[in-house]
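Peer 1: The structure under discussion is supplied below as structure tokens; questions concerning it will follow.
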Amino acid sequence: MTDRPPTGPGVIDLRGATIGYGDVPIVRDVDLTVRAGEAVAVLGSNGSGKTTLARGLLGLATVLGGEVRVLGAPVGRLRERGRVGYVPQRHSISGAVPATVREVAGVGRLARLGLFRRLGTTDRAAVVDAVTAVGLADRLDDPVASLSGGQQRRVLVARALAAEPELLIMDEPTAGVDAASQEALAGVLAGISARGTTLVVVTHESAPLAGVLSRAVVIDHGRVAYDGPLAEAAAHDEHLHHHPPEREPTGYRMDQPTVTAGPRTDADRER
Ligand SMILES: Nc1ncnc2c1ncn2[C@@H]1O[C@H](COP(=O)(O)OP(=O)(O)OP(=O)(O)O)[C@@H](O)[C@H]1O
């Protein structure tokens, strides 16, 4: 809270927001304002509701109560979809997609185009810039299926960046990515944050992005347990790991490291 700039438009505004699936509330009674240009980590134990909160901002989970506004519009009503970028929590792109890196990143750019959905010169340049930003310029025309899992994660980041979103929401962008790629990603995010893009990053491990993310929101059992400087969030987050998830969320890997886990194994590194 102390970290929050006093002025500026609210890019995200939650008022008494309850978000869930079907009629089951997961995130409860959340008040949260994120202003333009902020870089926010969403922390918390497994199953606390971090992903549900992120999905609620995207209209992918149900707002069961209160208000959720994104870029000034009630969630789901924003007309220009490309203004919000999303890197979902998953580790790779389906092997069944016979697309190149350029094509997958191009899909992200299409999100901001109108009815005719054709990439122009500026769009194609933005796609190349996005792929370059994630360090894969030399793989532009390679099939995504030929890339490692960590590289595929970076393609998903490029796909989001290609739309040049005002708000970028990322779910566990560093999970399963090797240290060098994490550093590269931190550099990419620092760059787009410096250009004014608002960042919301759901993560178990804020350390790799500690230089980029300044504010932390810790979720505990669906409620905001802490909101303040990231540097002071560790104590609040650490004890939360003692609460086991009620059940494993879809796509969650048993070997996924947490903030409190020891050094990663080779299996956790880029693949
Ligand atoms: N699609 C879904 N339908 C119903 N319940 C779900 C769904 N996705 C998640 N949940 C439940 O919502 C709760 C919170 O899950 P969520 O994925 O938001 O937590 P999280 O904090 O992101 O956890 P993790 O860090 O393990 O990914 C869990 O109890 C989970 O079982």
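Peer 1: Looking at segment 193-214 only, could you name the residues that are surrounded by 22 or more Cβ atoms within 10 Å (Cβ to Cβ) and either more than 16 Å from the ligand (Cβ to nearest atom) or part of a loop (DSSP other than H, G, I, E, B) (or both)?
Peer 2: Within segment 193-214, Thr198, Leu199, Thr203, Val212, Leu213 qualify.
Peer 1: Can you name every residue in segment 173-198 that is more than 19 Å from Ala137 (Cα to Cα), hydroxyl-bearing (Ser, Thr, Tyr) and at pLDDT below 85?
Peer 2: Thr174, the sole residue that qualifies.
Peer 1: Here is a further query. Does Leu60 meet the test of being in a loop (DSSP other than H, G, I, E, B) and of a type outside the set (Gly, Ala, Ser)? Step through it out loud before you land on a result.
Peer 2: Numbers: in a loop (DSSP other than H, G, I, E, B): yes; of a type outside the set (Gly, Ala, Ser): yes.
So Leu60 fits the description; yes.
Peer 1: Something else now. Where residues in segment 155-179 are touching a Gly at 6+ places or on another chain (Cβ under 9 Å) and assigned to a loop (DSSP other than H, G, I, E, B), which of them is surrounded by the most Cβ atoms within 10 Å (Cβ to Cβ)?
Peer 2: So the residue we want is Ala162.
Peer 1: Here's something else I'd like to know. Restricting segment 56-74 to residues that are buried (at least 24 other Cβ atoms within 10 Å of the Cβ) and within 13 Å of the ligand (Cβ to nearest atom), which is nearest to the chain's Cα centre (by Cα)?
Peer 2: Among them, the one singled out is Leu57.
Peer 1: Let me ask you something else. Looking at Val101, is it more than 16 Å from the ligand (Cβ to nearest atom) and at pLDDT 90 or above?
Peer 2: So Val101 fits the description; yes.
Peer 1: Within segment 25-40, is even one residue within 14 Å of the chain's Cα centre (by Cα) and either farther than 19 Å from Val157 by Cα or not aliphatic (A, V, I, L, M) (or both)?
Peer 2: Yes, because at least one residue in segment 25-40 is within 14 Å of the chain's Cα centre (by Cα) and either farther than 19 Å from Val157 by Cα or not aliphatic (A, V, I, L, M) (or both).
Peer 1: For segment 20-42, give me each residue that is near the ligand (Cβ under 9 Å from one of its atoms) and among the hydrophobic types (A, V, I, L, M, F, W, C).
Peer 2: Val24, Ile26, Val27, Val42 - these are the residues of segment 20-42 that are near the ligand (Cβ under 9 Å from one of its atoms) and among the hydrophobic types (A, V, I, L, M, F, W, C).
The values are calculated or read from the model by the stated rules, or taken from the named source; none is laboratory data. Treat the numbers as computed from the prediction; the structure is a model and nothing was measured. In this analysis, Cβ positions are derived from the backbone assuming ideal geometry, glycine residues included, and neighbour counts consider all displayed protein chains.
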